[in-house]
1. Just to be sure before I move on: is Phe121 in contact with a strand residue (DSSP E or B) (Cβ under 9 Å, 6 or more places away or on another chain), aromatic (Phe, Trp, Tyr) and surrounded by 14 or more Cβ atoms within 10 Å (Cβ to Cβ) in the structure I sent?
2. Gly188 passes all but one of (1) more than 23 Å from Pro84 (Cα to Cα); (2) open to solvent by less than 50 Å² (accessible area, probe 1.4 Å); which number fails?
3. Among the listed residues Thr93, Thr33, Thr88, identify the single one that is out of contact with any helix residue (DSSP H, G or I) (no Cβ under 9 Å at 6 or more places or on another chain), modelled with pLDDT of 75 or more and open to solvent by less than 80 Å² (accessible area, probe 1.4 Å).
4. Before we move on, is Ile163 β-branched (Val, Ile, Thr), open to solvent by less than 20 Å² (accessible area, probe 1.4 Å) and closer than 22 Å to Ile78 by Cα?
Amino acid sequence: MEWGTVVAVLIGGLIGLGGDAMGRIGARRQARTSRREHLEDAETARRQAVEDEGRRAKGGREMRAVERILSAYLENPIGLVNQPLEETVLSLTEIYKVLGFEQSFILDGELRQRIAETCHFLDLASVGDVGGYSAAEVGFLARSETRMLLGAWARGEALPDSIEGWGEIRLGRAETEARWQQKLRDAGLRVRIPPLSVY
């Protein structure tokens, strides 16, 4: 055997071993990259599942809030005639408490604002008149307005304009709040009625 052949065989063997080693290193690198990509995909899928579950949970809580708001009106009747003022105020107070709490869970910003506004007027009506309307009238109009709003929301429609009477109450909000703020000052109190934009 010649030395040239031996050297060629050794060099060929080394090249083969080197190629094999490079192939294994490349395969390992590719396997690591693939594993990392699969882990990243799995993490992305897990985050998406958590977000989806969060949205479902919030949507479910929103639906329960709407149901409780509607139930508050059914469980606390407001009669326009022949209902003593004390009973009317008690009903308004109970409805106010439910609306004040449950509106926080309504995801639709415009609907939440309108329910917060209704809650605000029910609170004011329980201790006096709102824009010349009696407590019973405010409660009756609030129930009709709320049912209309929640019905439109449930159907996926745009929120409609206010019903007759309630629209007038809404237009007079600044004046009503100013009257109540003056009553608070006259009573020696320093608290201010917070703007509805904070809700």
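1. Answer is yes for this residue.
2. Of everything listed in (1) more than 23 Å from Pro84 (Cα to Cα); (2) open to solvent by less than 50 Å² (accessible area, probe 1.4 Å), Gly188 misses just condition (2).
3. Thr33
4. Here the answer is no, as Ile163 does not meet what is asked.
The values are calculated or read from the model by the stated rules, or taken from the named source; none is laboratory data. Source: prediction; values computed, not measured. All Cβ positions, even for glycine, are placed from backbone atoms using ideal geometry, and neighbour counts span all protein chains on display. Remember, those area values only see protein heavy atoms, side chains included, never the ligands or the DNA or RNA. Shrake-Rupley method; radii C 1.70, N 1.55, O 1.52, S 1.80 Å.
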